[in-house]
Amino acid sequence: MSILDIRVLGDPILREDTKPVTEITDELRALVRNMFETMYLAKGIGLAAPQVGRTERLAVVDVDDNPLVIINPEVVHAEGKEKGEEGCLSIPDVYGDVERPARVRVRATDLDGKQIELEADGLFARCLQHEIDHLHGKLFIDYLSVLKRRSALSKWSKEKDKYPGFIRKLEDDPTRTHEHPDEEL
Ligand SMILES: [Zn+2]
């Protein structure tokens, strides 16, 4: 298990489209384990492959102790509207209100290669949409009004020097408690 470096705003990979996953290999399973570990250490509820420098179309999420891998996910139905605050592990310390569909149905493949369908609302729906956006080069700041985006980017311009090469290194603390053991994958 290893902790992965997180790419932050400015790294071009965050703006690229991903490639659909065609085969679930051991390497991919290891990537998923590392992504979960990295997400938990960073105290996130979602992490998409481009955020760790990868081009596979997959993300991991965990809202309300429900860890899920979504491979080649797609929103197949969306309804309602809801505004809520979002942040992103790739834009640390920057937050903004984003309006998104309140309820979504997402179709994806799981790590066993089975097709799954998720009905989501609330934070879970928001998280799924945020991660799926990442898989297509889109970030939450893209939804902000011009003024709010300008203020978010000005906050970021003061933060970004902490991340040379657009890389955010998480400290791997061996004494930390494992709230989410491997079995939960
Ligand atoms: Zn994000």
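The values are calculated or read from the model by the stated rules, or taken from the named source; none is laboratory data. If you're wondering where the values come from, they're calculated on a predicted model, not measured in any experiment. Quick note on the areas: whole protein, heavy atoms, side chains included, nothing else; ligands and nucleic acids left out. Shrake-Rupley method; radii C 1.70, N 1.55, O 1.52, S 1.80 Å.
Taking only the C-alpha atoms of the chain, Rg followed by Dmax gives 15.9, 45 Å.
Given the DSSP H assignment, sum -39500 (n - 2.57) over each helix run of at least 4 residues in the chain and divide by its residue total; what's the result at 222 nm in deg cm²/dmol, nearest 500?
Numbers: 3 runs with 43 residues, N = 185.
Result for the chain: -7500 deg cm²/dmol, rounded to the nearest 500.
For the range 58-126, go through all pairs of different Cα atoms, get the mean of 1/r, take its inverse, and jot down that Kirkwood value in Å. Taking every pair of different Cα atoms in the range 58-126, averaging 1/r and inverting gives 13.0 Å.
Solvent exposure of the chain amounts to 53 Å² per residue of accessible area, where only protein heavy atoms count and the probe is 1.4 Å. Inter-part distance, the range 24-54 to the range 115-144, computed on C-alpha centroids, equals 16 Å. Sequence-ordered 3J(HN,Hα) estimates for the range 68-81 from the Karplus curve with 6.51, -1.76 and 1.60 and θ = phi - 60° stand at 9, 9, 10, 9, 6, x, 9, 7, 9, 7, 9, 8, x, 9 Hz, glycine and proline given as x. Here the range 39-185 exposes an accessible surface that is 47 percent carbon and sulfur, computed with a 1.4 Å probe and the other protein chains kept in place.
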